[in-house]
Amino acid sequence: MAETLLHATNIVAGYVKDLPILKKVSIEVKKASLTLIIGPNGAGKSTFIKAIAGVVPVTSGKITLRGQDITSIRPDQMSQHSIAYVPQSDNIFRALTIRQNLELVLRKNRTALDRIDTLFMRFPILKTKQTEKAGTLSGGQRQILAVSMALAAEPMLILMDEPSAGLSPKAAQEVLQLARDLTTEGVTILLVEQNVNQAMRLSDHCYILAEGQNQHDADAAVLLNDPIVGEIYLGGKRMRAE
Amino acid sequence: MMGLVSYLVFFTTIASILAIAVLGLNLQWGNTGLFNGGVVAFFGAGAYGTLLLGGTPQTDHIGGFDLFYPLALIGGAAAAGILAWVVGRLTLHLRHDYLAIATFGVAVTFENVMRNAQGLSGGAKGLRGFNRPLEAWVNDGFIYNVLFLTVVVALLICTYWFLERLICSPYGRQLRAIREDEIAARSLGKNPGAIRLTAFITGSCILGLAGGLYATFYAFVSPQDVLPTLTFQLWAMLIVGGAGNNRGAIFGTFLIWGTWTISGWSLARFAPVEVQLYTGTMQFILIGLVIVGMLLWRPQGLLPERLVVSQSSTKKLN
Amino acid sequence: MIQSLTDGILVGAIVSLGAIGLTMVMHMLRFANFSHAELLSIGAYSALVFDALFSGILPSLANNIGPLSMTWALILSMLCAMGVTGLSAVLINEFVFKRIREKGSELSMVFASFGVAMVIRNVLGLIFGLKSQLYSNDIVFAVLVSTEPQLLIKPDQVFVLLAALLIMLILHFVLSRTTFGYALRAVAENPPLAEVSGIRLSRVIALVWIISGLLAAAAGVFYGLNNHINPVIGRDLVLPIFAATIVGGIGSIYGAVLGGFIVGIAANMALLVLPSGYSPAVPFIIILVLLLVRPHGLFGEAET
């Protein structure tokens, strides 16, 4: 049984204190797993990720990472806890070049140059365009840069908010496959997705949220065979897993 | 004793005139959320306008139309209104910090023009040649001042009453709606731009009225009367009293003006001679600290805005 | 006319230095800081104090450098003044603007900045007196660079221009080559993303205030060197500096530099047609024209 890396218990959170979006959500993320969160619009999926990142304040509840309490960390403290966050949109600095974006996130890292070389080897397109401003990249290329920026400091846990949003099906598959590959390398990934079909096939465990609360959770393989889930999220019986 | 009463009459007259100005400012800022960084330009337009229209002919500058006084006063207010229309058309759509800079620039330019345009305004030496209304008929200076005070207070009460009715009216509701959430207001079919402009112009006319009264009282106006520091003092009065609140505006005016005059008087009386030169300097430091202090401690002012219940809507519910 | 152009460039350099700091603060904190120009006064007066101090301790420092009225003591003083002004700027933010922002709105900060400007200006007047002062009582003669057209330039003016350009060059280097510079640009572009990328916003904001203070102090000293030092430096320069930031586009440092030169040149060229009394109004006219024609300035982003 893999150890639990992240444990969020009864999280109540929202942008405004008296208007909580999350109403006691609990989620457990196992080490080196690809854990998926799905649900209808407004369910609080992105808000949950942001609560872990410290972007949205947590009113009550507890979040621990490997036993350490990270409930009230500031977003800029995430890297100290080896967490990285890839926002859904506006996730790269357009005015800076690709290289500058990477140098920025690695600025406190002594092995920055090595890390950048490693990332360039993994993502050659970044090396080719390294002196170009990030704002000139295509959607898929920007997503690759955003994920690289998250990967740069070799985090234990990566939070991803709808990484496939706005991408072509092929690019979306590439990004999600990348997430899967990272887990085989030992990185833990917590993923929010609307693109349920592609994501669920690559995930280990899946949580369903609605109206700011847990609705259901199970291993992805189980859910793929579940008729109700199939109807709501996977487009009906004919889309069930082979 | 007589001196004290006389002084109180003088004090109350000026305070009441400034209170009218602050009421105008409150309409713009407190009720409509417009940042007017150049208040003094509209005050000045009223002052110069009134004196030019109502003054006796002078050799070195235009004006001197010697109009019937109430017309001259209205003319001054109208001049302020016209200036507000021009400035408003050009700047009201701007984001608040740009609006602050632009209106501040208007005030600096106004003072600059008045200082340099000899033919228009008498330049640096100011406008004279104005006979205060009815002064020739009332022989006693003290009685005249009391009469003048009565008129000013009456105008203050009228302005207060007018603005209070305005706030409770449908127009007032529109102002509040725009102040709170412009996008929602627009979606309800209101035209925020036009409504803001009318509020800006109305408030400026009131400022002009105050300016006209001020110039009438002294029978003189010069560029020294329209420095940015007056803008600052009027803002201080509104912030201390309570923005969005007409009673607060009047209260703040009297409080700040009282502080100003008392501090000036005490410094003149008790400070050593070498320091006398710095009376104004110290007063400005005091006012500056008061503004910053209020904003740190109680930004809503001493008399905060009451929730306004519009009369007509409660009637409908019955 | 070329004299006006040259004078305009020289004045423009000073306005540019003042505008860089203001544009950064206005963009980050979204408020029109009417007290920024007073930082120039603080810089000018601090340098005066340090100059007296250093010249007193080590009289040899007080010798003029070549044809300039600039002395080594003054250069050293300027550096110290930059430190003092940077510190003042960050402290004012910490104790006034930041707290008011938390309690009230962005507009409260604008009023407060009026108040702060009043206090600084008058406290300086109280401490140093209301009369104008000079760094050096030597009379420095302008050099007749050419007779047809007539062009007079003081060596000090050339020094100021070169020094200002050097400072801007250093800033450019920092912004384009160092990760600290990237961090500043990141915060300017997208503060929430900067935060999740590991940048501590409060620290960057403090550094921006310090930098704006450093640049303002230099501008103040240069102004004092070429003109005079008095408590109303801030009052006189507030509109030109605002004009420069608006011309360049709020948030754009390169825009502020360009804007400063444009405002300086325009203000001086205007003197060819307008009576000199009207020159304070020229920056305002520039602001008005810009806001009508191109509100986001040359390099600013369109308003959302």
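Bear in mind that the values in this text are calculations on the coordinates, not laboratory data. This structure is a prediction, so every number in the text was calculated from the model and none was measured. Because the Cβ atoms are built from the backbone with ideal geometry, glycine has one as well, and the counts that use them run over all protein chains shown.
Structural remarks
- Anisotropy class of region C:241-301 from Cα gyration tensor, a/c 1.5 cut: prolate
- Rounded to the nearest 500, the helix-only mean residue ellipticity at 222 nm of chain A stands at -9500 deg cm²/dmol, with each DSSP H run of n ≥ 4 adding -39,500 (n - 2.57).
- Region B:80-105 and region C:181-242 have Cα centres lying 26 Å from one another.
- Mean Cβ count within 10 Å, highest first, over the residues of peptides A:144-153, C:244-253, A:217-226: C:244-253, A:144-153, A:217-226
- Using only the C-alpha atoms, the convex hull of region A:4-239 corresponds to 117 Å³ per residue.
- Subset of A:LYS30/A:LYS108; A:LYS127/A:LYS170; A:LYS30/A:LYS50 violating a 25 Å alpha-carbon distance limit: A:LYS30/A:LYS108
- Between helix B:170-180 and chain B: long-axis angle, C-alpha atoms, 0 to 90°, nearest 10: 80
- Scanning chain C for long hydrophobic helices, with DSSP H runs required to stretch 18 angstrom or more by C-alpha along their axis and to average at least 1.6 on the Kyte-Doolittle scale, returns C:72-92, C:106-128, C:155-177, C:201-226, C:253-273.
- Just so you know, the Cα atoms of region A:59-195 work out to an Rg and Dmax of 14.9, 46 Å.
- Candidate aspartates and glutamates for bridging to A:LYS24, where Cα separation is under 18 Å - those fewer than 8 sequence places away on the same chain excluded: A:ASP69, A:GLU211, A:ASP217
- Whole-number Å³ per residue for the convex hull built on Cα positions in region B:124-179: 145
- Note that region C:70-147 carries a Kirkwood radius of 15.9 Å, evaluated over its alpha carbons pair by pair.
- Measuring max minus min along each principal axis, the C-alpha atoms of region C:158-304 give extents of 55, 36, 25 Å (largest first).
- Between A:ARG122 and A:GLN194, the FRET efficiency estimated from the beta carbon spacing at R0 = 30 angstrom works out to 0.70.
- Region B:28-59 and region A:1-63: distance between their alpha carbon centers, rounded to Å: 58
- Size check on the protein assembly as shown: the Cα extents along the three principal axes, sorted descending, read 107, 88, 49 Å.
- Between C:LEU162 and C:LEU201, the FRET efficiency from the beta-carbon distance, with R0 = 45 Å, is close to 0.80.
- Inter-chain Cβ neighbour average for residues A:83-93, partner chain, 10 Å: 3
- Chain C: relative contact order in percent, alpha carbon pairs under 8 Å with at least 6 residues between: 37
- Between region C:23-58 and region B:187-235, the C-alpha centres lie 34 angstrom from each other.
- Inter-chain shielding of C:243-249 (mean C-beta neighbours from other protein chains, 10 Å cut-off): 1
- Cα pair count fraction exceeding 18 Å, expressed as % - region B:212-302: 53
- Angle between chain B longest axis and helix B:96-116 axis [Cα atoms, degrees, rounded to 10]: 20
- Size descriptor, Kirkwood hydrodynamic radius, that averages inverse alpha-carbon separations across region A:1-103, Å: 14.8
- Restricting the calculation to Cα atoms, chain B yields a radius of gyration followed by a Dmax of 20.0, 69 Å.
- Aspartates and glutamates whose Cα lies under 16 Å from that of A:LYS129, excluding same-chain neighbours fewer than 8 positions away: A:GLU103, A:ASP117
- Over chain C, the pair-distance histogram of Cα-Cα distances with 20 Å bins from zero comes to 33, 58, 8, 0 percent, rounded to whole numbers.
- For region C:1-159, Kirkwood radius (reciprocal of mean inverse C-alpha pair distance, Å): 18.0
- Each of the peptides A:7-18, A:72-83 was scored by the mean count of other Cβ atoms within 10 Å over its residues; in descending order, highest first, they stand as A:72-83, A:7-18.
- Summed over qualifying helices (DSSP H, 4 residues or more, each -39500 (n - 2.57)) and divided by its residue number, chain B shows a 222 nm mean residue ellipticity of -24000 deg cm²/dmol.
- Kirkwood Rh, Cα atoms: Rg over Rh of region B:1-123: 1.04
- Residue mean of other protein chain beta carbons inside 10 Å, C:196-209: 5
- Per-residue ellipticity at 222 nm computed for chain C from its helices equals -24000 deg cm²/dmol, with DSSP H segments shorter than 4 residues left out and the rest contributing -39,500 (n - 2.57).
- In degrees, nearest ten, helix B:192-218 long axis to first principal axis of chain B (Cα): 20
- Taking a Cβ cut-off of under 9 Å around A:LEU191, the surrounding Lys, Arg, Asp and Glu residues balance to a net charge of -3, with basic ones at +1 and acidic ones at -1.
- The C:LEU274 and C:LYS131 beta-carbon pair, evaluated with R₀ = 22 Å, returns a calculated FRET efficiency of approximately 0.20.
- Peptides ranked, highest mean first, by Cβ atoms within 10 Å: ranges B:269-279, A:55-65, C:171-181, C:29-39: C:29-39, A:55-65, C:171-181, B:269-279
- Taking the number of Cβ atoms within 10 Å of each Cβ as an exposure proxy, the fewest-first ranking of B:PHE11, C:PHE159 is B:PHE11, C:PHE159.
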